[in-house]
Amino acid sequence: MASLIRTTVLACLALGPVHVAASPASAAEQITFVSQGGAYQQAQTVAILDPAAKALGITINQDSAPDAWPVIRTQGATGKPTWDVVDTPIQDCLRGGKAGLIETLDFSKIPNAAAIPAAYKTEYSVPYEFYSSVLAYNKSKYGKSPPQSWADFWDVKRFPGARALRNHPFATLEAALMADGVTPETLYPLDVDRAFRKLEEIKPHISVWWTSGGQSALLLQGGEVDMEMIWNGRAAAVIEAGADADYTFNQGVLQNTSLCILKNAPNLATAVKFVNQAIDPKLQANLPLNIPYGPGNPAAFDTGIIPASLAAKLPSAPDNAKKQAVLSAAWWTSEAGDAALKRWAEFVQKK
């Protein structure tokens, strides 16, 4: 089997990643795969990339870019990209597709995508892993009647205490609307005016507007806040480390990174084969065994590989997914979504 070569490339590189020679030299096919680095990329190497390379008999050269979008645009402008497949937020795939920077997928060549719900994939992308923005809380503070919905989060009389929200409109506008009675199934198109009116209600009670996953974890772990919006993986990590906390998937906002292929990718045919292999249910089931993210292909939960105790903690497990809203990348990359992003900056700056 061709060994996988790991390199790190800063997202701000003007002309894309450093090239790495395939190994062994006799390997006939190769791709350059780009992900987000760190423990996440290490986990997917073991769970998905190594097995995919072996199954396909190809070499997978790896680069990392925590924010791939600037490099996608730069490489696309040249017409001769050096990347093939990118693991990136689905919004990047959609924006790139609309701008002619990302290939339209031929799903007849990606049969493993057939098991994936239409809400999870686009003409330019397939889901690779899922995470969720959930409501977490201090167990001792609320005892046997903890907050279980965004309406509870907004109810400062029944549930007094310090609160934190993410300083970003993704999932936060959705939470505000669910707090105001909108069901997860009927969120889109977002009623932005209504969402901001609801956010104005809770704003005086927000102690911290967090800006990173690490910060949100410390707030919960240290007891600085009594409840907050947080990514489920961060909440699970601090609970495992001993924090007196818990969280609910009820009214969570399900989000995902996706795989997409750069337009005019140098190894297009091989890239398509890789994408199909990367969403194979058994390989997808390997991912949460190495890092607590939900598989992008729900068929992974039918393989018997994921223990039931672990599945209960994963955002894309069927029982958890049905309690949540799915963040609409299509809406967030629309003109209305762009306007909401700009409006958010004004909202948080306003006293």
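Annotations for the structure displayed:
- Test for THR88: is it hydroxyl-bearing (Ser, Thr, Tyr), farther than 30 Å from LEU262 by Cβ and open to solvent by less than 10 Å² (accessible area, probe 1.4 Å): no
- Enumeration of residues in region 306-320 that are in contact with a helix residue (DSSP H, G or I) (Cβ under 7 Å, 6 or more places away or on another chain), surrounded by fewer than 23 Cβ atoms within 10 Å (Cβ to Cβ) and not basic (Lys, Arg): ILE306, LEU310, ALA311, ALA317, PRO318
- In the set (1) part of a helix (DSSP H, G or I); (2) free of Cβ contacts under 8 Å to residues at least 40 places away in the same chain; (3) within 22 Å of TYR131 (Cα to Cα), ASP193 fails one condition alone, (3).
- Matching residues, region 260-283, being touching a Gly at 6+ places or on another chain (Cβ under 8 Å) and either closer than 19 Å to ASN61 by Cβ or open to solvent by 20 Å² or more (accessible area, probe 1.4 Å) (or both): CYS260, LEU262, LYS263, ASN264
- Among all residues of region 162-174, there is at least one that is more than 22 Å from LEU327 (Cα to Cα) and either open to solvent by 10 Å² or more (accessible area, probe 1.4 Å) or over 21 Å from the mean Cα position of the chain (by Cα) (or both).
- Those helices (runs of 4 or more DSSP H) of region 204-310 in which 2 or more residues are over 30 Å from LYS80 (Cβ atoms) occupy 213-221, 232-240, 281-290.
- Odd one out for GLU201 among (1) over 16 Å from the mean Cα position of the chain (by Cα); (2) open to solvent by less than 60 Å² (accessible area, probe 1.4 Å): (2)
- Exactly one residue out of ILE230, ILE239 is open to solvent by less than 60 Å² (accessible area, probe 1.4 Å) and out of contact with any Leu (no Cβ under 8 Å at 6 or more places or on another chain): that is ILE239.
- Region 104-121: number of residues that are open to solvent by less than 30 Å² (accessible area, probe 1.4 Å) and of a type outside the set (A, V, I, L, M, F, W, C): 1
- Qualifying positions in region 65-80 - closer than 20 Å to GLN30 by Cβ and out of contact with any Leu (no Cβ under 9 Å at 6 or more places or on another chain): ALA68, LYS80
- Condition check for ALA195 on (1) touching a strand residue (DSSP E or B) at 6+ places or on another chain (Cβ under 6 Å); (2) open to solvent by less than 10 Å² (accessible area, probe 1.4 Å): one failure, at (1).
- Taking the listed residues ALA245, ALA300, the one that is farther than 20 Å from THR59 by Cα, surrounded by 21 or more Cβ atoms within 10 Å (Cβ to Cβ) and under 19 Å from the mean Cα position of the chain (by Cα) is ALA300, with no other qualifying.
- Within region 287-297, if we keep just the residues that are open to solvent by less than 40 Å² (accessible area, probe 1.4 Å) and at pLDDT 95 or above, the residue that is nearest to ALA114 (Cα to Cα) turns out to be ASN297.
- Scan of region 313-333 for residues that are without any contact (Cβ under 8 Å) to a residue 60 or more places away in the chain and either among the polar types (S, T, N, Q) or assigned to a loop (DSSP other than H, G, I, E, B) (or both), ordered by number: ALA317, LYS322
The values are calculated or read from the model by the stated rules, or taken from the named source; none is laboratory data. Because the structure is a prediction, the values reported are computed rather than measured. In this analysis, Cβ positions are derived from the backbone assuming ideal geometry, glycine residues included, and neighbour counts consider all displayed protein chains. Heads up: the accessible areas ignore ligands, DNA and RNA and are worked out on the full protein's heavy atoms, side chains in. Shrake-Rupley method; radii C 1.70, N 1.55, O 1.52, S 1.80 Å.
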